[in-house]
Amino acid sequence: MGVENELNLSLTPGVASRLVKHPLLTDAKPIRQRVINTYYDTPDQRLRRERVVVRYRKKGSTWLSSVRRMTVSEGRHTEPSEWETVVAPGKLDFSHVADGTLREWLESLRDELRPAFTTSFTRNAWLLEPRDGVRIEVALDRGWIEADGRRQPICEVGLELLSGGVADLFSAAGDLQTDLSLHPETTSKFQRGYSVLADESLQPVKALPIATTAEMTDMAGFRAIALACLKHLQSNEQGLCESDNPEFVHQARVAIRRLRSAIRVWKPRLPAEFVASFDPRWQALARQLGETRNWDVFLAETLPAVVVAFPEGVEVGRLSHYAVRRCAINRAAARSTLKSADYSRLLLEFTAAVLALPEVAARPLGTFAPRCLDKRAKQVRQLAGEALASDAPARHRLRVAYKRLRYALEFFAPLFPADRLRAYHVSASNLQEMLGRLNDLAVAGELIKEALPGEQGEVIQYWLEGQTERLLPELGGLLEDFGRQAVPWKAV
C-alpha cells in the first residue's frame, strides 16, 4: 500500500459493482478508459535489478513510452523519477529521458529488451472534491495481468491525492471502506506482473532490515519501522489464507510482535490515545495467531518426539487426533480474521494514524536509541537471575523481555558498528533458541492438559518436565555468555 499520495485497495467483483453506486461517487461523472501497459525487460531482468521500469502503454487512444527509475530516499520509501512521451504505436523512445547516463544505458540494451508482461484493464475514474483545495481521483481497475500464457485478475480501486493533505486521502478511503469491503493492497500491478512471469508460488516473507539512521528524528524512525512491520505482515496474508504452511502464521505473528515492540519502545513519545486505540487491537490479533502457532509447533515438533517416546501409548493417538483438529480450527479462525472488514479497517486506520503522528520536541534517533536499549537490557539482566531458580512463567518473562530487546536492537542496528553487533547477535541468537525450546515445552504441557484432561496425560507431562530439566544447565551457560557480551550501542 502506497503511503505518500496514493492508496490501492483490492475488492471482489461483487463489491466492485456496488462501488459505482456509492454515495461518494454519485455526484461525480466517471471517465472510462481502456488501459494496456506492456512492460519490457532483458531476459535476465537487468531492469528489474536496477529498479528501472520501461513501459509502453495505450491509454484511451494515446500511445505513450515511459521510463521510471526508483531511488531510495532516506531509507524509508521510494521516490520515482519518471519521463513519458507520446509515441507512434509499437515504438519505444528513450530520447526524452533527462538522465543522460540512464538514457545511454537503455539505448545499449535496446536490442535485448523484450515484452515481459502486460496489464490490460478497464478504468473508471471519478474526480472527488470533498472540500475546497482537495481533489482526489478514485479509479476502479478491472482486467488482467498476462505473462507467458498465464493470467491473474485485476480488481482494485486506487485513490490518488491530486491536491490536499494525506489525511484527506485516508478520509475518502475510510468513507468508502465503511460501506464496502476494501482491503489495502501491498503489491502493485507491476510487482504482481513479475510474479506471474516467474510463475512464483507463495513463499513466507521474513522481516527485512529497516534503514534507520542516527540523523532522522525519533518519530520518523517510528513511522519507518511501523510501516515496515505492516508490510511484513501483509506480505504473508495471502499465504496464511491459502496455504497450510505454518511459516506464514509464524511470520505474520512475528510482524505483529515487532510492531507491538516498537509501540512499547516509543510509548513515552506517542500520544496516549494512539497507544490506547491501537495496541489492544494488535494484541487481540497477536493472541489469535499465537494460539494457531502454538498448535502448529506442537503438531510439527513436539508431537513427533512424544510419539517416539511413547510408541504404543493409546493416549498419544488421541493426542494426535486432537492436535490435528485444533490446528484446522485455529487456522480457519485466523483466515476468517484476516479476511474480515475489521482487519482491513485496522490496517487503513493504523496507517493513517502513523502518518499523522506529530513531530513534538523531535530528537535525533541516535540519541533516542541508546536510552531505549539500556532500559531493555536492564530488564533482561533483572529477569535472568530469576529464570534458572524459578519456574516456567519466570523463564517466559525473560523470553518476552529478551525479545523486546532483540527487536529494538534490530530496529536500531544500522546506527551501530557491524563488528560490535556480530558477537552480541550470535550470543543473543543462541539464547533465543534455547528460551524458545523451553517455552515450546511449557506450552506443550498446557496443550496436553487441554487435549488429555485429568490423569490421561500425566505420564507425558512428567516426560516433558524431564526434557525441561535437562535443558536448564545449558540455559545457565548461555545466560552467562550473554551477560559477558559488550553492549554494541555503547560505542555510539
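Every residue, every condition in (1) closer than 23 Å to T12 by Cα; (2) of a type in the set (A, V, I, L, M); (3) at pLDDT 95 or above; (4) not in a loop (DSSP other than H, G, I, E, B), yes or no:
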position	(1), (2), (3), (4)
A98	no, yes, no, no
R110	no, no, no, yes
L127	yes, yes, yes, yes
D141	yes, no, yes, yes
W144	yes, no, yes, yes
G158	yes, no, yes, yes
L161	no, yes, yes, yes
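Tally the residues that are closer than 16 Å to I460 by Cβ and touching a residue at least 24 places away in the same chain (Cβ under 8 Å), restricting the search to the range 306-325. Here the count works out to 10.
Within the option set R223, R258, R264, R281, being of a type in the set (K, R), farther than 19 Å from L348 by Cα and either in contact (Cβ under 8 Å) with a residue 12 or more places away in the chain or buried (at least 22 other Cβ atoms within 10 Å of the Cβ) (or both) holds for one residue only, R264. Within the range 55-72, residues that are farther than 16 Å from A88 by Cα and at pLDDT below 85 sit with their Cβ atoms under 6 Å from residues that are of a type outside the set (S, T, Y) and assigned to a loop (DSSP other than H, G, I, E, B), at 6+ positions apart or across chains, in these pairs: M70/R51.
Within the range 372-391, residues that are more than 21 Å from Y407 (Cα to Cα) sit with their Cβ atoms under 9 Å from residues that are surrounded by fewer than 17 Cβ atoms within 10 Å (Cβ to Cβ) and among the hydrophobic types (A, V, I, L, M, F, W, C), at 6+ positions apart or across chains, in these pairs: E386/A394; L388/A394; L388/L472.
Among residues belonging to the range 78-96 that are part of a strand (DSSP E or B) and either surrounded by fewer than 17 Cβ atoms within 10 Å (Cβ to Cβ) or modelled with pLDDT of 95 or more (or both), point out the one that is farthest from the chain's Cα centre (by Cα). Residue satisfying both the conditions and the ranking: V86. The residues of the range 402-450 that are among the aliphatic types (A, V, I, L, M) and under 16 Å from L388 (Cα atoms), listed by number, are L431, M434, L435, L438, L441, A442. Looking across the range 308-328, just one residue is surrounded by 14 or more Cβ atoms within 10 Å (Cβ to Cβ) and β-branched (V, I, T), and that is V316. Here the range 187-202 is the region considered, the condition is being assigned to a loop (DSSP other than H, G, I, E, B) and in contact with an Asp or Glu (Cβ under 9 Å, 6 or more places away or on another chain), and the residue that is nearest to D41 (Cα to Cα) is D199. Put simply, of E291, E237, E215 the only residue that is among the acidic types (D, E) and in contact with a Pro (Cβ under 8 Å, 6 or more places away or on another chain) is E215.
The values are calculated or read from the model by the stated rules, or taken from the named source; none is laboratory data. Treat the numbers as computed from the prediction; the structure is a model and nothing was measured. When we count neighbours, we look across all protein chains shown, and the Cβ atoms used for this are built from the backbone with ideal geometry, even at glycine.
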